[in-house]
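K.L.:
I'd like to ask you about the structure that follows.
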Amino acid sequence: MNPHDNTFMAWGFGLVGVTYLAFALTLLRIGEWRLPVSRSGRALFGAVCCSSIWGWLTLAGVLRDDALLGFIASLFDAGRYGLWLAFLLQLRPEKSESASGWGSSLSKLSLFLVTLVVIGQVLRYHEPGDSFLQARGQPMMSMALSIFGLVLIEQVFRNVDPDSRWSVKPVSAALAGSFAFDLYMYSQAVIFGSVDADAQSIRGAVHALMAPLLFVSTSRLGIDWTSKLRVSRSAAFHSATLLICGLYLLLISAVGYYVKYFGGDWGRALQLCVVFASLIFLVLLTVSGAARAKLRIFLSKNFFRYRYDYRDEWLKFTEALCAQGTPQEMGQQVIRGLADLVESPGGGLWMKSPEASGFRQTVRLNIDFTSVSEEEDSELSMALKREKVVVNLEEYRSFPGRYGSIALPPWLQSMPQAWLIVPLIVGDKLIGFVVLLRSRTPLDANWEVHDLLKTASRQAASFLAQMVATESLLEVRKFDAFNRMSAFVVHDLKNIVTQLSLMMKNAKRLHANPEFQQDMLDTVDNSLEKMRQLMAQLREGTTPAGTAFGVDLVAVARRIEAHTTSRGRSLELRRLQPATARGHEERIERVIGHLVLNALEATDPQGQVWLELDTQGDRARIVVGDTGHGMSAEFIRDRLFKPFQSTKSTGMGIGAYESSQYIHELGGKISVVSELQRGTQVTLLIPLFHASVESDLDMLKSQ
C-alpha cells in the first residue's frame, strides 16, 4: 500500500471514530444521559461504541504500522458486526412459537459466523504470510457475514409495518450500504487472492458516511427501535433467494479460484469463461418456473408449518376471478388459478354447453384439444358429484381402490400428462370439472393440497355459475323486451278491433246515413294509420319514430270527448286551461284515452266521468275522475302499474303499465287516489313544451 493510500485510509478511519463517537453521545443525550433499557437500544449503543473504537484503533494501527493494534481493531470489527446483527435480530415480531424458533436459529447462526471470523483473525495474526487462510479463508468468512447481514436487513425492511417503514428506511440503507461494500471488498479478496488496496483505503470513509443515515432513523424513532412487525411468506422467500445468491457467489468464487490455480497460463481465460457461463445459468435459473416451484416447495416443507399462506393464495385467486368479464376469460383464469396452486403448467375446463349434452372441453391452457364429451350420468360425473373429491390420476393408476366406485373413462386415462381432476360444484350440482397437468416439479398432493383445491374450486364454480346465469339472464331480457313490445302491439290491436267492431255493429242500422258513412271512412282511415304506426314500431322498437314536440292538450281532450260521445257515453270537461305538453301526440292521446276508457268501463251509465286540464308550475295537469267501482289501496300499490294485472275479466293488464312507462319516460308523474264503490281519480303531470319565439335575426344579434 503506497503512502497516499495510507493517508487516505487514516483520514477515513479517523472520521469513523469521530462520527460514531458523536453518534454515541447523541444516543446518551436522547436517553437523558442514561444507558438504553431495551435490548434493541443496548445493541444499537454497543454497535455504535464498538464502531467508534474500531475506527480509532485502525487509525492508530495505520499511523504506527503496528500489527497488534491492527489485530485488536479486527477483533472490534468482528464485534461490531455481531452487535449490528444482534440489533437487527431484535427488530422482529412479537414472541410466538414460530417467531421465537426462527429468531433463535438466526441468533445461533449469527454467533457462529462471528466466532468463525474471530478465529480466522486470531489464526491469521499468529500465522502471518501468504497462506490459504489469509488469502482465501478469512475473506470468505467475512463475506459470509456480510451476506448474512444483508439477509437480516431485507427481513427487517420487508416485514416492517407500512406506517413505520419511513422510519426504518435510513437505517436499512445505511447498514445495507456498509454490508454491501464489505461484500464487494471481501469477494474481490476471495477471487483474486488479496484485498483490493483502493477498496481497503476507502472502507473507513464509506462506513463514516453511513452514520448520518443512522442518526436520521434515531431522530425519528428514538433510541428504542423495537416495533411490531409481522412475518410473511413472501419476505422469507425473498430472504432465502438472497441467501442462495450469496451461496452461489461463494461457490463461483471457489470454482474460479480452482480454475485459476490449476489452469496455468489459461487460468485467467478459463476463470472468465466460468464466470460468464455461471451468470447465464443464474439467469436461466431465475426465469425457470420449475426452479421457482422447487424452491417454494423446499421452503414450505422446511421453514413453515403449513405449505400455503392461505390468505395470500385466496386474495390472489379471488382477484384473478374478479378481473375477467367473459366466460372464456373466466375459464382461463379458473384453470390458471388452480394450476398455480400446485405448480401445474395448465389444464382444461370441461363444462356443459347449451347446444350439446354432457361436459365438453370449453377452455384449455397448454393442453391438447379433445372433442370427447363426458355425459352427465356417466360413472365419473356421478362419482364427482357424489364424492366431491379431487382425483389424483397418478394415485388412481397405482391404487384405484382408494377412490371407491370412481371409474375413469378411457379418454382420460389415455392422457399421459393429466394429473388431477378437480370437480366444480355449486350446492349439490356438478357444473363441470378441471383436469390439471402434472406439476413442474414433483409435489406431494397430500390432504392440504386437496383441501385447498376443493375450497378454491367451490369459489371458482360459484363465479362460473354466476357468469353463465348472467349470460342466460341477458338472453331472457332480450326475449322479455320482445314479448313486452308484442304485448303492447296486441293491446293496441285489441283497441283497433274493438273500434272496428263497434263500427260494424252500428253499420247495420245506419249504413244509409251519409254522416255515418263519412264517420265510418274516417274510422277506417284512422285504424289504417294506427296499424302503419304499429308496423313501424315493430321494425324500429318500442319508441315511435320522430322526436317529441308540442301537443295541444285541449284539442286532445275534445277529440276524446267526441269519441266518447260517439260510443253513447258522456265525458264532462270541467275545466280546460290551454296547455301544450312535450311528447308524441298519438301516445299522449292514447294514454289519456286509456284512462277515460277505464273510467267509463268502471262506471255505470248513471255515474259521472270527468276530465280537468290546467297547469301546475312547469307541468300540465290532467285529472281523469269517475264515480265508479274504485280500487283497493293494496291493488293500487302492488298490481295497478304491473304488466298483465287487471280488474277486468277481458283486459290484458297492459294499458296502465304502458301509460305509466311513457309518462315517466317524458319526465312526468302519475298518481292515483281511489276508494272502493266511491270512485277513482288519476292525475297526470306532464312537462310543458316551451317553443322558442326568437327570430333568426335576434339569435344572430345575441351571438
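K.L.:
Mind checking which residues of segment 571-611 are surrounded by fewer than 22 Cβ atoms within 10 Å (Cβ to Cβ), in contact with a helix residue (DSSP H, G or I) (Cβ under 9 Å, 6 or more places away or on another chain) and assigned to a strand (DSSP E or B)?
P.N.:
Glu572, Leu573, Leu576, Thr580, Trp610
K.L.:
Filter segment 23-34 down to the residues that are of a type in the set (A, V, I, L, M, F, W, C) and either closer than 12 Å to Ile53 by Cα or not in a helix (DSSP H, G or I) (or both), then identify the one that is modelled with the highest pLDDT.
P.N.:
Looking at residues that are of a type in the set (A, V, I, L, M, F, W, C) and either closer than 12 Å to Ile53 by Cα or not in a helix (DSSP H, G or I) (or both), I get Ala24.
K.L.:
Across segment 351-371, what is the number of residues that are at pLDDT below 85 and either out of contact with any Gly (no Cβ under 8 Å at 6 or more places or on another chain) or of a type outside the set (D, E, K, R) (or both)?
P.N.:
Qualifying residue count for the region: 7.
K.L.:
Of all residues in segment 625-658 being under 25 Å from Glu561 (Cβ atoms) and modelled with pLDDT of 85 or more, which is most open to solvent (accessible area, probe 1.4 Å)?
P.N.:
His629
K.L.:
Can you pull out the residues in segment 450-490 that are modelled with pLDDT under 75 and in contact with a helix residue (DSSP H, G or I) (Cβ under 6 Å, 6 or more places away or on another chain)?
P.N.:
Phe488, Val489
K.L.:
Go through segment 351-458 and tell me which helices (runs of 4 or more DSSP H), entirely inside it, have 2 or more residues that are among the small types (Gly, Ala, Ser).
P.N.:
Correct list: 379-387.
K.L.:
If I go through segment 612-624 residue by residue, how many of them are out of contact with any Asp or Glu (no Cβ under 9 Å at 6 or more places or on another chain) and open to solvent by less than 10 Å² (accessible area, probe 1.4 Å)?
P.N.:
1
K.L.:
I need a count of the residues in segment 347-389 that are exposed (fewer than 15 other Cβ atoms within 10 Å of the Cβ), aliphatic (A, V, I, L, M) and out of contact with any Leu (no Cβ under 9 Å at 6 or more places or on another chain).
P.N.:
Total satisfying the criteria: 1.
K.L.:
Provide a single number: the residues in segment 35-78 that are surrounded by fewer than 20 Cβ atoms within 10 Å (Cβ to Cβ), part of a helix (DSSP H, G or I), touching a residue at least 24 places away in the same chain (Cβ under 8 Å) and not hydrophobic (A, V, I, L, M, F, W, C).
P.N.:
1
The values are calculated or read from the model by the stated rules, or taken from the named source; none is laboratory data. What you see is a predicted model, and the numbers here were worked out from it, not measured in a lab. Positions of Cβ are backbone-derived with ideal geometry, glycine not excepted, and every protein chain shown enters the neighbour counts. Surface areas here come from the heavy atoms of the whole protein model, side chains and all, with no ligands, DNA or RNA. Shrake-Rupley method; radii C 1.70, N 1.55, O 1.52, S 1.80 Å.
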